[in-house]
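The values are calculated or read from the model by the stated rules, or taken from the named source; none is laboratory data. All figures in this text were calculated on a predicted structure; none of them were measured in a lab. Every residue, glycine among them, receives a Cβ derived from its backbone with ideal geometry; neighbour counts consider all protein chains shown.
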Amino acid sequence: LSIHHLVKSVTKFLDLRHAHLYLIALMRPLIAFLPAPLAYGVACLRGDWRYRLDTYAREGIMCALTDVLGDQLNPAERARVTRNYFRLRSCEAVDMVRLAGRGRALARLVEIRGLEHIEAALAAGKGAILCSAHFGSFDSCFSLIGAHGFPITVIGRWPYKFGRPIERFFFQLLIRKPVEHHRHRPNIQPRGQFDTAVQAAAILRQNELIGICLDPPVLAADRRRAVPMDFLNGQALLLPGAIMIAQLTGTPVMMTFMRREADWRHQVLEISPPMPLDGDTVTAFRCCLAVVEAAIRQDPSYWSLWYPLSNLVKLGLLPEKTIKAHDKFEAITDKWSEWE
Amino acid sequence: MESVIITYIGRELIGEPEQLLLKNDTPLLESGILDSLSLLKLLVFLEEEFKVPVDEFELIPENFNTVNAICAYIRSWQASRVSQ
């Protein structure tokens, strides 16, 4: 075995085209546990750096904002939202690392409003469904509720396809492990199993919490039962399963969102009172989705599904042809964008 | 029991029952009639109708693949309750 072959094998294993990203991934724990003003300051700088240098992503997000929101934002606002999009994603990465251990490093920066709604629901004995969206630090938000002693299980798919084993390693170490550590069980990952809803119902019957996002792009296998809903000036294909489970089990549904203060490090996690679930499933789902849409419209940068554009195509908010102009970028960063 | 379950599936889980002639041995999972949410709906109905708690259903595809399988499972559950 020659040195040349050895170097070639190692290079192939690590995929050194992404060496700078590995370096950032390794530095993340160090940065995250700096004093909060410094940690989030560095995260914002990292966001600004990506905004300036990641031209494809920046243009992709701006294009998505224009195509989906129309004239809601003027060019200056679009630029600000795009810059904040990158800042928020970087800050969310710091949030996840700060969940390590008992999660106190993050918990002391987050004010939770509305915990009494969860306590009341659990006192009634039917559990509760906490609905959110791919909005801000939604994953850390569910974990923080777990860190406060509430038994929560999340319905949501983790990425499972990785180009290199080292990517899987970093993903497990920096995201999945700290986030799932505070949850009562590993995520229920709907990938076409026949018993996902029954698992969720069983958890609710044990008077526990279920966390779920209402806006995930629908898998091809689920398109048949997805419902077209008015969402962000278009018709998005979404699954109202969480609401149907709530109606079948008599469980209250609460909306949860986490937003940052102007200093980027402090956050407020708001839990709404129970949502009205009267009428048919689609009507109740529409009501919850309206809350999600209002939150996104209030500050679009919080919604992480603006990029990659394939998310919006899968949702039905952008036509397929939009993605072709940006496919070069998609190919490079799709797998990284979620946890970089 | 079979007819009660067939009527429920036809009325509640299949939008247009006249388009499908549902039989006792029609494969419910493979044909897509039962998916994750419709299975939960069916289990809630079975709990109300036959008093089989949702939590006590053994969630393996063989127990739900046909109306016959569902009825066999309920009968065996009822028999085990009587013997207890």
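Quick notes on this one:
- Taking (1) within 14 Å of another protein chain (Cβ to nearest Cβ); (2) crowded, with 16+ Cβ neighbours inside 10 Å; (3) at pLDDT below 85 in turn, B:GLU12 satisfies each apart from (2).
- Any chance A:ALA236 is within 14 Å of chain B (Cβ to nearest Cβ) and small (Gly, Ala, Ser): no
- Among the residues of the stretch A:140-170, those that are more than 25 Å from A:PHE257 (Cβ to Cβ) and not acidic (Asp, Glu) comprise A:TYR160, A:LYS161, A:PHE162, A:GLY163, A:ARG164, A:PRO165, A:ILE166, A:ARG168, A:PHE169, A:PHE170.
- Residues within the stretch A:210-226 that are modelled with pLDDT of 95 or more and within 12 Å of another protein chain (Cβ to nearest Cβ), tallied: 0
- For the stretch A:90-134, filtering for residues that are exposed (fewer than 15 other Cβ atoms within 10 Å of the Cβ) and β-branched (Val, Ile, Thr) leaves 0.
- B:SER36 being within 21 Å of A:ASP222 (Cα to Cα) and modelled with pLDDT of 85 or more: yes
Here's the yes/no breakdown for (1) of a type outside the set (Ser, Thr, Tyr); (2) at pLDDT below 95:
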residue	(1), (2)
A:VAL81	yes, no
A:ARG87	yes, no
A:GLY114	yes, no
A:LYS126	yes, yes
A:SER132	no, no
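- Each residue in the stretch B:40-69 was checked for being more than 10 Å from chain A (Cβ to nearest Cβ), touching a Ser or Thr at 6+ places or on another chain (Cβ under 9 Å) and among the hydrophobic types (A, V, I, L, M, F, W, C), and 1 of them qualify.
- Lone qualifier among A:GLY163, A:GLY156 - being within 18 Å of the chain's Cα centre (by Cα) and in contact (Cβ under 8 Å) with a residue 60 or more places away in the chain: A:GLY156
- Applying the criterion of being outside any helix (DSSP H, G or I) and within 21 Å of A:PHE171 (Cβ to Cβ) to the residues of the stretch A:1-57, the residue that is modelled with the highest pLDDT is A:ASP54.
- Residues of the stretch A:308-327 that are touching a strand residue (DSSP E or B) at 6+ places or on another chain (Cβ under 7 Å) and either at negative phi or in a helix (DSSP H, G or I) (or both): A:LEU315, A:LEU317.
- Residue within the stretch A:177-197 that is within 13 Å of chain B (Cβ to nearest Cβ), part of a loop (DSSP other than H, G, I, E, B), modelled with pLDDT of 90 or more and within 30 Å of A:ALA290 (Cβ to Cβ) present: yes
- In the stretch A:266-307, the residues that are part of a loop (DSSP other than H, G, I, E, B) and buried (at least 23 other Cβ atoms within 10 Å of the Cβ): A:TYR307
- Residue within the stretch A:190-207 that is over 30 Å from A:GLU119 (Cα atoms), among the aromatic types (Phe, Trp, Tyr) and within 21 Å of the chain's Cα centre (by Cα) present: no
- Qualifying residues in the stretch A:202-258 (those that are in a loop (DSSP other than H, G, I, E, B) and of a type in the set (D, E, K, R)) - the one surrounded by the fewest Cβ atoms within 10 Å (Cβ to Cβ): A:GLU208
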